[in-house]
Amino acid sequence: MRWDNLTLTAEEATRLPGYRDDAVVRRFDAPEALDMRFYEVHARSVLNRVPAQSRMPFKWTINPYRGCSHACVYCFARPTHRYLDFGPGRDFEREIVVKANAPEVLRVELARRSWKGEHVALGTNTDPYQWVEGRYKLMPGIWEALRDARNPCSVLTKSPLLLRDLALMKELVAVTDFTASLSIPTLDEKAWRATEPHTPSPRARLEAVAELNRNGIPTGVLIAPLMPGINDAPEQVEPLLAAAEDAGATSIGGIGLHLRGDVRGVFMDWLRGTRPDLVPRYQRLYARGAYAPKEERARLSALVRGRPRSSGARGWRLPASDRVVERTEVEAGHVQPELPAALPGAGTGGRSKVRVPQPPLRRTVAVVEVQQALF
């Protein structure tokens, strides 16, 4: 098996809700994972259908992992761990489910006569390139299956680990529509380390954006979430916008923080311990629900919308008529995904010609407000 070379310190079996067979529980002898448990399960299906009423720009998702070691305090996906009888706090960060047979199951599903070759999005719930992907290596097999089926697809991640699979991504763009997006909420080191304690450096993510675009992989940047008083100061946002443009980002989007269900408790507990000065402000902003007031959301959106740059920046402002502004509200499902700034719509699995953008790059700005979506 693909993980035979992994070092294990413990092995046991347990039953997880929603999975037919017992899970093998592994611990890895690595500094990054000493207090984590990884549950290897055999999934019956890996293609997850997004409800028709969701109005998402894609109908199908793949999430090879559940739970995420990035430990982002604001993560919208935390409530999904309730369905496994785990908690949305520390359990979400330390009890990680691995769909060990994901590549093999996907290949079978894509070969079905009923499959219509619709767009498949990865990274809409938990990060497919989180730490443990370096051990299990599920993504190469997933990309190979999508490549062989010539199936349109995209990926959103916070990790430059996706560069490991650059050769496969180049093969994908040669036969179908494929895009990537890196989630980079801030370049501010203090804000980054406080809110995303186990994610790779934002600078490394920007380097990945540049490298992918240099190799003909259309790659954008998602600045999300924008958190009042934490990463929303113009002096924090402007350098990130300029750096994204310098990296050749084919799209730049932003999403304001939303605090739904269990995420509110996790985030507010973190705020009380780390930024107690902001607690009254957040209690006021989110007093009526998961979203800040309309005026605050408009202010956050304006931070990411196109504005003239200095002469040294590669990016340039689009005319208002060319600017893409998306407002997506999903009414059904469990949680809301982080979306890339611009995902292609559903398409066919046939061969398509991919055009690599040439400088000066058009900058597409999408403002996406997502309420709920299906895991």
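The values are calculated or read from the model by the stated rules, or taken from the named source; none is laboratory data. Nothing here was measured: the structure is a model prediction, and the numbers come from that model. No Cβ is skipped: glycine too gets one built from the backbone with ideal geometry, and neighbour counts run over all protein chains shown.
With the requirement that a residue be free of Cβ contacts under 8 Å to residues at least 40 places away in the same chain and touching a Ser or Thr at 6+ places or on another chain (Cβ under 9 Å), what does the range 94-133 give you?
The one that is free of Cβ contacts under 8 Å to residues at least 40 places away in the same chain and touching a Ser or Thr at 6+ places or on another chain (Cβ under 9 Å): Tyr129.
Which of the residues belonging to the range 265-283 are free of Cβ contacts under 8 Å to residues at least 40 places away in the same chain and among the polar types (S, T, N, Q)?
Passing the criteria: only Gln283.
Of everything in the range 37-69 that's in a loop (DSSP other than H, G, I, E, B) and of a type in the set (Val, Ile, Thr), which residue is modelled with the lowest pLDDT? Quick ask: steps written out before the conclusion?
As a first pass, look at the range 37-69 and keep what is in a loop (DSSP other than H, G, I, E, B): 42-47, 50-51, 55-59, 63-64, 67-69.
Those still in the list that are of a type in the set (Val, Ile, Thr) too: 46, 50.
Numbers: Val46: 96, Val50: 85.
For the range 37-69, the residue satisfying everything is Val50.
Could you say whether any residue in the range 70-77 is in contact (Cβ under 8 Å) with a residue 12 or more places away in the chain, among the β-branched types (Val, Ile, Thr), part of a loop (DSSP other than H, G, I, E, B) and in contact with a Pro (Cβ under 9 Å, 6 or more places away or on another chain)?
Yes, the conditions are met somewhere in the range 70-77.
State yes or no: is Pro140 within 27 Å of Val24 (Cα to Cα) and at pLDDT below 95?
It is false that Pro140 is within 27 Å of Val24 (Cα to Cα) and at pLDDT below 95.
So if I check each of Thr250, Thr176, which one is more than 15 Å from the chain's Cα centre (by Cα), more than 28 Å from Ala302 (Cα to Cα) and of a type in the set (Val, Ile, Thr)?
Exactly one of Thr250, Thr176 is more than 15 Å from the chain's Cα centre (by Cα), more than 28 Å from Ala302 (Cα to Cα) and of a type in the set (Val, Ile, Thr), namely Thr176.
Would you mind telling me which numbered condition in (1) under 24 Å from Arg214 (Cβ atoms); (2) surrounded by fewer than 20 Cβ atoms within 10 Å (Cβ to Cβ); (3) touching a Pro at 6+ places or on another chain (Cβ under 9 Å) Leu163 fails?
Of (1) under 24 Å from Arg214 (Cβ atoms); (2) surrounded by fewer than 20 Cβ atoms within 10 Å (Cβ to Cβ); (3) touching a Pro at 6+ places or on another chain (Cβ under 9 Å), only one is false for Leu163: (3).
For the subset of the range 257-302 comprising residues that are within 15 Å of Thr195 (Cβ to Cβ) and not in a helix (DSSP H, G or I), which member is modelled with the lowest pLDDT?
Result: His258.
Tally time: how many residues in the range 104-158 are assigned to a loop (DSSP other than H, G, I, E, B), buried (at least 18 other Cβ atoms within 10 Å of the Cβ) and hydroxyl-bearing (Ser, Thr, Tyr)?
Residues that pass the stated criteria total 3.
Report yes if some residue within the range 170-179 is more than 24 Å from Gly67 (Cβ to Cβ), out of contact with any helix residue (DSSP H, G or I) (no Cβ under 9 Å at 6 or more places or on another chain) and free of Cβ contacts under 8 Å to residues at least 40 places away in the same chain; otherwise report no.
no
Are there any pairs, at least 6 apart or on different chains, whose C-beta atoms fall under 6 Å, with the first in the range 248-264 and within 17 Å of Asn125 (Cβ to Cβ) and the second in a strand (DSSP E or B), and if so, which?
Ile255/Ala224; Ile255/Pro225
Any chance the range 200-218 includes a residue that's touching a Lys or Arg at 6+ places or on another chain (Cβ under 8 Å) and among the hydrophobic types (A, V, I, L, M, F, W, C)?
yes
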